[in-house]
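J.: This is the structure, below, for whatever I ask next.
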Amino acid sequence: MKQVVQNYKSGELAVLDVPVPGCKPGGVLVRSAFSLISTGTELMKVSEAGMSMLGKARSRPDQVAKVMQSVATNGVPATYRKVMGKLDSYTPLGYSLCGVVEQVGAGIDDVKVGDLVACAGNEHALHAELNWVPKNLYARVPDGLAPRHAAFGTVGSIALQGVRQGEPQLGEVALVIGLGLIGQLVVQLLAASGVRVVGADPDPARCELAERLGAAAAGDPASAAVESAVAELTGGHGVDQVYLAAGGGSNQPVELAAELSRDRGRVVDIGKCRLDLPWNAYYEKELDVRFSRSYGPGRYDPEYELEGRDYPIGYVRWTERRNLACFLDLLARGSVDVEPLISHVAEFDDAVETYQRLKDGELKAVAVLFRYSRRAGEAELPAQAPAVAVPVVDVKPAPVRAARTPVRLAFVGAGNYATSMLLPHLAQRDGVELSTVVTTTALSAANAQRKFGFTEATTDLDAVLGDKSVDAVFVVTRHSSHAELTRRALLAGKTVFVEKPLALTEDELAGVLAAVEESGNDRLQVGFNRRFSPLLREARQRFGTRTGPANLRYLVNAGRLQHGSWYLQQGTEGSRFAGEGGHFIDTASWLLDADPESVYAVATSGNEDLQLVLRYPDGSTATISYVTTGPAGFPKETLDLVADGRALRLDDFVRAAVYDGRRKRWVSSRLPKARDKGQSAELAAFVKAVRTGGPMPVPLQSLVATTAATLAVQPGLAGGAPVTLARPR
């Protein structure tokens, strides 16, 4: 088998062929699927290996002390031979991976061959194709958690143990100094614990990432931004805890910790930074300095790690292994998201080149994974990107009667999109009565009532759902509530217009369709408005019917979000693409007149930019580029469709053209202020369907297919392979 090794004397890195380890009692033999490079600990070791002997000595004074003790005991010649022999040997790299159990040793009964496990330890979770791992250094991966995410288990346990040492409590404020891999995980764990977090790092990209992952604020520790954020969040008292997750030789982190801590605050050292404590500052505040020992209790105890002797849970609640299992559970439940941390996935065979790029600074990364290929005859790995089911809607609809005139509409939610893009089109429409507006706060309901003329304003959703005079309900709330509110409205017999997305998970989508089946009410519309744009509809008509497969390219310049936007709350509201990506998938599917069969997604490292390739039954493909880093002055949406020697171009719903041969066959332009993305026509079609009892503007099966394709993006990114959109036969 192959393994990554390093010669500490020469600095040489290599992928060596080494013997396969035996499967000893008390552990399992694991075939690696993904292993994680620690861009802090491992790169420090790689950099040290490239130093001169004097440089090595300066960087490791603890080892120098051992050498001097050996000299005193054994003499210079014997010590020299011993040190040189040790330096001039290959040593392993790696300590965090996910893989498949290939053999089970005697005494192991908690996993079986074929199980997916996360493994820990700098002697047992190495960058190697096979590793023997003792019982207390592995944990079974929860169902549904992607192998590449489970590979973060060990590093996540380090962050988790550090947070446990800080003893955070609900409502406290914490400062995380150093926003590398460990720091980003600490931020998320604290946010999940109900702690408000301020991050400090000189790298603006890492600060922005921390804010997206839950930090209230983040900035350069040398600037006034961090101090201002701490003062604002704590009323000037200082933070309750500081987590030192930085490395390097600067003493700035410990000095900043003293400056921004409250009286008797807690300072936890997780990383490996300089610790020359300024005595007066720490004494005057009586700061509690704590150290976090790696993955947790059991670390460095050979009886625990090698012999499998567990600590009684009544005395040691969180051991090394329990921390590992806990972090995997947090990943599986979505409380922590490691996907945005993955800067690069390299093939295992390219390990040496990858380390060199990291060392040289060519590859800027928070987290880098090695992916191991499966060779003939080896155990089958679990699917990295499982198929996403596209439920077939097969329900006998209940009879629909035409509504009275005017059609009575209720709104659940009256936020910015509802008040700017929907209600202005409905408030003055003939044959429409805005009956009731429901919001969670009384004042927002009153404002909407005053501005748009609702008959009633309330915070009582049940009263609206039970009002038989209401013909249709608009669900225009935050994304996480869409599926449940839609389900309840369908069960109440209402026609429903729900803003995208319809659902954030497969379970939520299944719940909506279960409500359709139970009630016989399939009167549902999702706010995919672009297919109703007059300019795009005319362009499609002039393009004409195609006979061969098409290629579609859709560039979405989504732009950056303002700090504090609820769209950044990915833990509860899903990713940005999960929230609005259905718009673009629906538009592509409508233009291609089919539902996609598979989704392949890849992401740009360090941000939310991603590429999507959709494949359709007739061989057509649609590529959607969703970018958040483009310039503000560039058009938001541009689309090209090419097939049968013709082309259609749409420029941000302002201009459209159809090309045939060497000339433009049709061109249409609008004033930028007259940009029409179809909301008015969409609402007109919806109101007509409600009034007449006729078919809904978009078939329910199409809405379901678009939602399923959107949901497939996340597992596709996790698995690095196309996701099949499976329909029951």
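J.: Restricting to the stretch 492-545, name every residue that is under 16 Å from residue 702 (Cβ atoms) and polar (S, T, N, Q).
T.: Residues satisfying the conditions are 525, 529.
J.: May I pose another question? Does the stretch 301-308 contain at least one residue that is open to solvent by 60 Å² or more (accessible area, probe 1.4 Å) and in contact with an Asp or Glu (Cβ under 7 Å, 6 or more places away or on another chain)?
T.: Scanning the stretch 301-308, I find no residue that is open to solvent by 60 Å² or more (accessible area, probe 1.4 Å) and in contact with an Asp or Glu (Cβ under 7 Å, 6 or more places away or on another chain), so the answer is no.
J.: Is it true that some residue in the stretch 556-564 is among the small types (Gly, Ala, Ser), in a helix (DSSP H, G or I) and modelled with pLDDT under 95?
T.: At the first step, the residues of the stretch 556-564 found to be among the small types (Gly, Ala, Ser) are 558-559, 564.
The next check asks that each one be in a helix (DSSP H, G or I); those that pass are none.
So far as the stretch 556-564 goes, no, none of its residues is among the small types (Gly, Ala, Ser), in a helix (DSSP H, G or I) and modelled with pLDDT under 95.
J.: Moving to a separate point now. If I ask for residues that are assigned to a strand (DSSP E or B) and more than 27 Å from residue 697 (Cβ to Cβ), which ones from the stretch 647-668 would you list?
T.: Within the stretch 647-668, 647, 659, 660, 663, 664, 665, 667 meet the criteria.
J.: Within the stretch 147-229, which strands (runs of 3 or more DSSP E) (wholly inside it) include 3 or more residues that are surrounded by 24 or more Cβ atoms within 10 Å (Cβ to Cβ)?
T.: Once the strands (runs of 3 or more DSSP E) in the stretch 147-229 are filtered for at least 3 residues that are surrounded by 24 or more Cβ atoms within 10 Å (Cβ to Cβ), what remains is 173-177, 196-200.
J.: Scan the stretch 697-725 residue by residue and report those that are more than 30 Å from residue 35 (Cβ to Cβ) and either at pLDDT below 90 or open to solvent by 30 Å² or more (accessible area, probe 1.4 Å) (or both). Show your work before the answer.
T.: In the first step, residues of the stretch 697-725 are kept if they are more than 30 Å from residue 35 (Cβ to Cβ); the result is 697-710, 725.
Listed by number, the residues that qualify are 697, 699, 701, 725.
J.: Can I ask one more? Could you give me the residue pairs with C-beta distances under 7 Å whose first residue belongs to the stretch 100-112 and is assigned to a loop (DSSP other than H, G, I, E, B), whose second residue is charged (D, E, K, R) wherever it lies, and which are 6+ apart or on separate chains?
T.: Note: pairs meeting the criteria are 105/24; 108/135; 111/140.
J.: So the check is Cβ under 6 Å with 6+ separation or different chains; which pairs have a first residue in the stretch 434-452 that's farther than 21 Å from residue 485 by Cα and a second one that's in a helix (DSSP H, G or I)?
T.: These pairs meet every condition: 452/423; 452/427.
J.: Could you name every one of the helices (runs of 4 or more DSSP H) located completely within the stretch 431-544 that has at least 1 residues being in contact with a Gly (Cβ under 7 Å, 6 or more places away or on another chain), open to solvent by less than 10 Å² (accessible area, probe 1.4 Å) and among the basic types (Lys, Arg)? Outline the logic, then answer.
T.: Numbers: elements: 442-452, 461-465, 482-491, 506-519, 534-543.
Ranges flagged: none.
J.: Let me ask something else. With (1) touching a strand residue (DSSP E or B) at 6+ places or on another chain (Cβ under 9 Å); (2) part of a strand (DSSP E or B) as the list, and residue 254 as the residue in question, which single condition is left unmet?
T.: Only one criterion is unmet by residue 254, namely (2).
J.: Taking the condition of being open to solvent by 20 Å² or more (accessible area, probe 1.4 Å), among the acidic types (Asp, Glu) and not in a loop (DSSP other than H, G, I, E, B), how many residues in the stretch 316-338 meet it?
T.: Qualifying residue count, the stretch 316-338: 1.
J.: Residue 597 versus (1) open to solvent by 30 Å² or more (accessible area, probe 1.4 Å); (2) more than 22 Å from residue 704 (Cα to Cα): which is the lone unmet condition?
T.: The one condition residue 597 does not meet is (2).
J.: Right, here's the next one. Output yes when any residue across the stretch 115-122 is within 30 Å of residue 307 (Cα to Cα), modelled with pLDDT of 70 or more and open to solvent by 40 Å² or more (accessible area, probe 1.4 Å), and no when none is.
T.: yes
The values are calculated or read from the model by the stated rules, or taken from the named source; none is laboratory data. Just so we're clear, the structure is a prediction, and the values are computed from it rather than from any experiment. Note: ideal-geometry Cβ built from the backbone for every residue, glycine included; neighbour counts use all protein chains shown. For accessibility, only protein heavy atoms count, side chains too; no ligands or nucleic acids. Shrake-Rupley method; radii C 1.70, N 1.55, O 1.52, S 1.80 Å.
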